[in-house]
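What follows is one structure encoded as structure tokens, with my remarks underneath.
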Amino acid sequence: MNFFDSMRTSASGLTAQRLRMNLVSSNLANTDTTRTEQGGPYQRKEPVFAATPIQSNFKEVLKAEISSKPSEVNVVEVINDERKPLLKFDPLHPDADPQGFVLKPNINVMEEMVNMLTASRSYEANVTAMSTSKNMVQKALEIGR
Amino acid sequence: MEPIRFDAKQLFTKIPTTAGNPLTGGVQENSFGSMLKRHLAEVNHLQNSADDAARNLATGQDKDIHNTMVAVEKAGIAFQLTMQVRNKVIEAYQEIMRMAV
């Protein structure tokens, strides 16, 4: 059913933006984290989005390949930002090296705020798209009234 | 383009073969009744999955509120369509009952 396709697409967008928001919260919460399980300071995390055709069975996959059907978004992986950590002079810190420098995560709070707003607005856009397509169906049902 | 021809005789002779004969009980697969049954089952399935989604949210198995809302909306739309079909069927029935014989 076509209407459910568009709803599924919007729902996948919502899920993707929720995950992005979670990563932004994680980045913001760990701006000063100097210890991780892998060792070293916290590394900024970022999602990678990929468009995948809506598919629930073989016929639909084939159809999506030959025609341009809507595709949903999926988070295929979460990457670690490979920026160099910041060096801060703080000899009293327990994680300081012999020279007195501490490795801090290279997280720019402003950048995270922008990402957060983008995620929030994208989420809203997906909700609007979904409710608009719902309204279209309800209008179509009013034809018979 | 070929003009659409409306042949009343052909139309009426075709009815028994497609709709089956309800008096003898031979209802075929593509009759109106079975179609209705199939779609009602689909609507029921959507209602059940909306129910499951709400339960999963309440018990903490599903952390995303929007998935629950989407399931509930889907079920609602499907139910509205069912109600429209039902209204039309009732309307047609009443129309026939009002017919002067």
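Filter the stretch B:27-67 down to the residues that are of a type in the set (A, V, I, L, M, F, W, C) and open to solvent by less than 40 Å² (accessible area, probe 1.4 Å), then identify the one that is nearest to the other protein chains (Cβ to nearest Cβ).
If we filter the stretch B:27-67 for residues that are of a type in the set (A, V, I, L, M, F, W, C), which is where we start, we get B:27, B:32, B:35-36, B:40-41, B:43, B:46, B:50, B:53-54, B:57-58, B:65.
Still in the running and open to solvent by less than 40 Å² (accessible area, probe 1.4 Å): B:43, B:46, B:50, B:53.
Values: B:V43: 12, B:L46: 9, B:A50: 13, B:A53: 11 Å.
Looking at residues that are of a type in the set (A, V, I, L, M, F, W, C) and open to solvent by less than 40 Å² (accessible area, probe 1.4 Å), I get B:L46.
Take the stretch A:1-25 and flag every residue that is open to solvent by 70 Å² or more (accessible area, probe 1.4 Å) and either more than 29 Å from A:R83 (Cα to Cα) or among the small types (G, A, S) (or both). Working first, answer last.
Here is the first cut: in the stretch A:1-25, the ones open to solvent by 70 Å² or more (accessible area, probe 1.4 Å) are A:1-2, A:8, A:18, A:22.
Answer for the stretch A:1-25, where residues must be open to solvent by 70 Å² or more (accessible area, probe 1.4 Å) and either more than 29 Å from A:R83 (Cα to Cα) or among the small types (G, A, S) (or both): A:M1, A:N2, A:R8.
Answer yes or no: is there a residue in the stretch A:114-129 that is over 30 Å from A:N80 (Cβ atoms), touching a Phe, Trp or Tyr at 6+ places or on another chain (Cβ under 9 Å) and within 14 Å of chain B (Cβ to nearest Cβ). Checking the stretch A:114-129: not a single residue is over 30 Å from A:N80 (Cβ atoms), touching a Phe, Trp or Tyr at 6+ places or on another chain (Cβ under 9 Å) and within 14 Å of chain B (Cβ to nearest Cβ).
Taking the stretch B:68-84, which residues are open to solvent by 60 Å² or more (accessible area, probe 1.4 Å), within 14 Å of the chain's Cα centre (by Cα) and over 15 Å from B:H45 (Cα atoms)? Working first, answer last.
The first filter runs over the stretch B:68-84 and keeps only residues open to solvent by 60 Å² or more (accessible area, probe 1.4 Å), leaving B:69, B:72, B:79-81, B:83.
Filter once more, so that each one left must be within 14 Å of the chain's Cα centre (by Cα): B:79-81, B:83.
Scanning the stretch B:68-84 gives a single hit, B:M83.
Looking at this structure, is A:L87 without any contact (Cβ under 8 Å) to a residue 24 or more places away in the chain and surrounded by 12 or more Cβ atoms within 10 Å (Cβ to Cβ)? When the stated conditions are applied, A:L87 passes them. If you go through the stretch A:26-37 and keep only what is open to solvent by 30 Å² or more (accessible area, probe 1.4 Å) and either in contact with a strand residue (DSSP E or B) (Cβ under 9 Å, 6 or more places away or on another chain) or touching a residue at least 24 places away in the same chain (Cβ under 8 Å) (or both), you end up with A:S26, A:L28, A:N30, A:T31, A:D32, A:T33, A:R35. The residue pairs whose first member lies in the stretch B:74-101 and is at pLDDT 90 or above, whose second member is part of a helix (DSSP H, G or I) and not aliphatic (A, V, I, L, M), and whose beta carbons are closer than 6 Å, counting only pairs six or more residues apart or on different chains, are B:A75/B:Q47.
The values are calculated or read from the model by the stated rules, or taken from the named source; none is laboratory data. Note that this is a predicted model, so its numbers are computed, not measured. Backbone-built Cβ (ideal geometry, glycine too); neighbour counts: all protein chains shown. These area figures cover heavy atoms from the full protein model, side chains too; ligands, DNA and RNA do not enter into them. Shrake-Rupley method; radii C 1.70, N 1.55, O 1.52, S 1.80 Å.
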